[in-house]
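Right, one structure below, let's go through it.
The values are calculated or read from the model by the stated rules, or taken from the named source; none is laboratory data. Note that the structure is a prediction, hence the values are computed from the model and not measured. Please note: Cβ atoms are built from the backbone with ideal geometry, for glycine as well, and neighbour counts cover all protein chains shown. Accessible surface is based on the protein model in full, side chains and every heavy atom, while ligands, DNA and RNA are left aside. Shrake-Rupley method; radii C 1.70, N 1.55, O 1.52, S 1.80 Å.
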Amino acid sequence: MNKNTKSGRRDFVRGAAAVLIGGAVLSAGRSRSPRLVWQIDPAKCTQCGRCATHCVLAPSAVKCFHSYSICGYCDLCGGYLRPDAKNRNTGAENQLCPTAALQRKFIEMPYYQYTINEDLCIGCGKCVKGCSVFGNGSLYMQVRHDRCVNCNECAIARACPSDAFKRVPASDPYLLKSDQERRIV
Amino acid sequence: MKRYVVPPLGGFSPTGSRWTGRLKAVLHALVCMFFFFFGTTAHAEFRFPMPEFASGYTHPPVHVPGPSNMMVGWDIVVLLSTLTLASIFVLKHRKRREIFLLTLFSMIYFGFWRNGCVCSVGSVQNIMAGICDPDYGVPLTVLVFFSAPLIFALLFGRVFCAAVCPLGAIQEAVAVKPVKVPPAVEKVLSVFPYLYLGLAMLSVAMGAGFIICQYDPFVGVFRMGASFSMWIFGGLMLVLGIFVARPYCRFLCPYGVLLNWCSKLSRRHATITPAGCIQCDLCADSCPYNAINEPTPSEVPETREQGARRLGLLLLLFPVLVALGVGVGCLLKEPLSRMHPTVRLAERIAGEELGRYAETNIESEAFRASDTPNEKLYAEAMEIKEGFGIGRKWLGAFIGLVIGCKLVSVSILRKRTDYEPDRGTCYSCGRCFKYCPVQE
Ligand code: SF4
Ligand code: SF4
Ligand code: SF4
Ligand code: SF4
């Protein structure tokens, strides 16, 4: 008899615990928001350099991104050339990028196209800073989702001094400055 | 999100002659040069219109690959199957080898292959975030990762810890020379998971971030990359784990608190003996986690009345402990609210304004570059501090309650005639099975 009431009580408490867990899950899952991933708001990023050092991946999943449609195709590119560059050419001593990831290609006088080699880019943001100070701001930082492992809490987001990281829907995972870009996924 | 509108092609007619084309190119170069040499530090943008190319050049497409890490359904399937297998191994097959092999599989799959994210331990925070913030969507995977191990614990004990949790698995794999921790030390240290859980929940509720993820010692090992301090922490934990088995599980894991509660109520639970205990005492030292309860001595050292009086006294102690917890919580207002980055930033800015720091730091520079007025930041920080004002009292009361319960649980002598695993703290690792001489 004693044993029976005891196990009955246990069953009851167990049931109550299950209901509690179910309640927590329902209440947490009530928002039908889409699945979210991390992205950088280019309007807030200050190119502090932490993207290169704080990602759990090495090299970082954050890379420089180029919006061609708002680029000036300048010969004197603030993102490509060091401010103290002696010559306007592809000499390594003239380049701002520490890994020569930003590549320059002549299009027609006096325009040059700049392309990022993502395998080389470490996400240091030097070119981005140069481009936003001297140019159009067509170079900016983005989390590359083919690399990002989508941490539960992004380690860079925690370290970002500018609060530039936010969660965006996985179905539209980039925050591009221009909507005139032809996108390929 | 603010989308930028592409600036109009100021002054450039699309059908310009060759000569005007040249001219605008020269102009463009001059403007470029001006900004390059006299560029201001203000982040003015779109200084130059996108050129019209005479050669018919069109700009290349941009590559925007979607998230690759999306094997959602598959993860849930693997989780549920490993949980089921673990239950079968622990309750039916009762072979340590099988359990351990499954543990290794989970370490490789959930840890090294899936990079240890998202795990059930961290999912507590997503659940809390989902409860507190209606706009925070908790994905299905996370809901399942949170609830399935708890439901299994309600049914079969902590089979999740035994062979599924990647954090537990990596510790299980290194625990080669476990020594016994004195039970008293074990009891005292086992308060920390509650504290950690409380702090983590407070942090999430206040929007101060996911501290369980931040201080996860092993995720850096799984990903082969972490900050220097986290490498040190993870490395120390693993070295310590050689001698003190599962240090994270026993003295830190916040999810373990919930599993402990659920497992206490479990419908079935791992047993040391396959049939009946004969009190041979052979298994007594086989558990590296101090999770085997010995039979209570037949000679009860005190009378029933004495025991009842002691229990009464302890119950009277409860309100005192809770009040004490609230008091300590009140004292901790400042350090606790500093968990929030906005509060830290506001203090830094205020300090800089008062000339307390010789130079600015990267956070304060970024803040100043954003042109937000200081007052707005201060007001925000004050509001957050207010929030912590309530939260810290709850946290204190919770810890007071936990300590009270711990005291009661050590002082109550539940009558036990057999050697049994403690349902709350047993990880169902299966080490003790082979010590029992009884055959099925
Ligand atoms: S950490 Fe933040 S501010 Fe720094 S570069 Fe990355 S996004 Fe920009
Ligand atoms: S300067 Fe830095 S961010 Fe820019 S392309 Fe080079 S490595 Fe990438
Ligand atoms: S979510 Fe993780 S992998 Fe992705 S950018 Fe942030 S730290 Fe790097
Ligand atoms: S106690 Fe926590 S870390 Fe350890 S196995 Fe269980 S859930 Fe994982």
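Details
- Cleavage-rule hits (trypsin sites (Lys or Arg not before Pro)) in region B:229-298: DSSP loop, at most 14 neighbouring Cβ within 10 angstrom: B:R267, B:R268
- Choice from A:S132, A:S171, A:S67 with maximal GNM fluctuation in chain A (Cα, 10 Å cutoff): A:S171
- Computed on the Cα trace of region A:61-125, the radius of gyration divided by the Kirkwood hydrodynamic radius gives Rg/Rh = 0.94.
- Simple spin-label estimate for B:I242 and A:N117 in nanometres, 7 Å along Cα-Cβ: 4.3
- Neighbouring partner chain Cβ atoms per residue of B:235-242, average, 10 Å criterion: 0
- Largest first and in whole Å, the equivalent-ellipsoid semi-axes of chain A read 51, 16, 12, each the square root of five times a Cα gyration tensor eigenvalue.
- With every protein chain in place, region A:36-184: carbon and sulfur % of accessible area (1.4 Å): 51
- Computed with a 1.4 Å probe over protein heavy atoms only, the accessible area of B:C432 comes to about 20 Å².
- Shown is the FRET efficiency for B:C132 and B:L331, computed with R0 = 30 Å from the Cβ-Cβ distance and rounded to the nearest 0.05: 0.75.
- Based on the convex hull around the alpha carbon atoms, chain B presents an average projected area of 30.3 nm².
- Rounded to the nearest 500, the helix-only mean residue ellipticity at 222 nm of chain B stands at -18000 deg cm²/dmol, with each DSSP H run of n ≥ 4 adding -39,500 (n - 2.57).
- In terms of overall dimensions, the protein assembly as shown has a Cα radius of gyration and Dmax of 30.2, 110 angstrom.
- Ligands, DNA and RNA aside, B:H93 has an accessible area near 80 Å² when probed at 1.4 Å.
- Computed log₁₀ I(q)/I(0) - Debye formula, equal Cα scatterers, no solvent, region B:304-409, q 0.11, 0.15, 0.16, 0.23 Å⁻¹: -0.52, -0.71, -0.76, -1.11
- In plain terms, the C-alpha convex hull of region B:135-197 casts an average shadow of 6.4 nm² when viewed from every direction.
- Per-residue SASA entry for B:D371, accessible area with 1.4 Å probe, Å² rounded to 10: 130
- Of the trypsin sites (Lys or Arg not before Pro) in region B:92-173, not one is in a loop by DSSP (not H, G, I, E or B) with at most 12 other beta carbons within 10 Å.
- Put B:C117, A:C64 in order of accessible area, highest first, and with a 1.4 Å probe you get B:C117, A:C64.
- Nearest-0.05 FRET efficiency for B:W74 and B:T360, computed from C-beta distance (R0 60 Å): 0.80
- GNM top mover of B:Q214, B:Q171, B:Q306 - chain B, alpha-carbon springs below 10 Å: B:Q306
- Among A:K63, A:K126, A:K166, residue whose mean-square fluctuation peaks in a GNM of chain A (springs only between Cα atoms under 10 Å): A:K166
- Cβ-Cβ distance of B:T58 and A:K166, R₀ of 51 Å, FRET efficiency by 1/(1 + (r/R0)^6): the value works out to about 0.95.
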